[in-house]
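Accompanying notes for the structure given below.
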Amino acid sequence: MLLDGRRTLITGASSGIGKATAIRFGAEGASVCVNYYADPEKPDADAVCAAIDPSGKRAFAFQADVGDEQQVTAMVAAVVERFGGIDVLVNNAGIEKQVATLEMPLDLWNAVLRTNLTGAFLCLREAGKHMAAAKSGVIVNMSSVHEFIPWPGFAHYCASKGGLKLLTQTVARELAPLGIRCVNVAPGAIATPINTFVLDDPEAKHTVEEEIPLGRFGQPEEIAGAVAWLASDQGDYVTGTTLVVDGGMSTYPKFI
Ligand code: NAI
Ligand code: BGC
């Protein structure tokens, strides 16, 4: 098993990529804190925990808004209290909403940056303190191909993921002497709730598929496998970089 005995925290883990990663981590022997955002997601988070370990020993759900400093501090403290430490953090929580830049309300800009970038910072700062004391740890940030592919209508989202690229590179340098790795995963188009607006529209779905050399959306489990590998000792010479898992989308198949 890749992650036997590892104590892990995955944000936004009640759905999509976070859920698949939590279940994969559990199958690889890890203990998992399944973070969820709000009350309506509690049943889904509980179901993820039950899938990991019906006895409840190796999994628990914790409600927190990753953009709220106090809630993040409480969540990391709960992981350390429950598991005795934290070895792996996956900053997965993220949001997006298509709006033309010139029409974008400041509230929406702030909400996306707060969740996608500030949330990752707060979680890695708090978890990183414990990892530094243990001189060991891995932080995986869920970035996107939009850390380097511009996407009209998603300036806030691209800014947040572009920000994650240099956050990760900088943190990787800063924390390497403390035995901590920091890596990004950049998925392409994956079939999860964040993409409902495309998946429910056959024409839009087809347009996206044409942008992907492998000709299909990825599955959340295909991202989970990459995260599990990076978080494990198999990935222990990988830090400060981005692993792209996108079916070839970033080869720009439509470019002639
Ligand atoms: P999703 O919508 O299923 O998952 C996002 C999760 O983040 C949800 O569970 C949501 O409740 C949670 N969340 C939102 N705001 C939060 C907050 N303030 N605090 C805690 N949790 C919060 O969608 P998906 O696709 O699984 O997204 C996961 C990550 O993957 C996101 O960071 C997204 O940007 C990234 N991603 C997704 C791609 C895709 O095509 N599905 C491609 C590239 C990146
Ligand atoms: C977005 C998805 C999109 C994918 C490829 C991701 O970052 O969350 O909505 O399909 O990038 O464009």
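Every read-out reported here was derived from the displayed coordinates using simple, explicitly stated rules and does not represent laboratory data. All of these numbers come straight from a predicted model, not from anything done at the bench. FYI the Cβ positions are ideal-geometry reconstructions off the backbone, even for glycines, and counts take in every protein chain you see.
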If you wrap a convex hull around the C-alpha atoms of the chain and split its volume per residue, what is the figure in Å³?
-> 128 Å³
Filtering chymotrypsin sites (Phe, Trp or Tyr not before Pro) in the range 142-243 by DSSP loop and by at most 14 other Cβ atoms within 10 Å leaves Tyr237
Note the full-extension length gain between Ala111 and Thr241 as 0.36 nm times their separation in residues minus their Cα-Cα distance, in nm to one decimal.
-> 44.2 nm
Quotient of Cα Rg and 2.2 N^0.38 Å for the range 25-163, N being how many residues it contains = 1.13
Those chymotrypsin sites (Phe, Trp or Tyr not before Pro) from the range 64-145 that are DSSP loop and have at most 12 other Cβ neighbours within 10 Å turn out to be none
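Counting each DSSP H run of 4 or more residues in the chain as -39500 (n - 2.57), what helix-only mean residue ellipticity at 222 nm follows after dividing by all residues, to the nearest 500 deg cm²/dmol?
Result for the chain, helices only: -13000 deg cm²/dmol.
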Projected onto the charge dipole of the chain (+1 at Lys/Arg Cβ, -1 at Asp/Glu Cβ, origin at the Cα centre), which of Val227, Ala111, Gly84 gives the Cα projection farthest towards the positive end?
-> Gly84
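Add +1 for every Lys or Arg and -1 for every Asp or Glu among the other residues with Cβ under 14 Å from the Cβ of Cys158, and state the total.
So the environment of Cys158 carries a net charge of +1.
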So which lysines pass the test for Lys57, namely a Cα distance under 20 Å, with those fewer than 8 places away in the same chain ruled out?
-> Lys19, Lys42
Net charge dipole size for the chain [Lys, Arg +1 and Asp, Glu -1 on Cβ; Debye, nearest 20] = 740 debye
Find, among the GluC sites (Glu not before Pro) in the range 177-239, those assigned to loop by DSSP (not H, G, I, E, B) with at most 15 other beta-carbon atoms within 10 angstrom.
-> Glu210
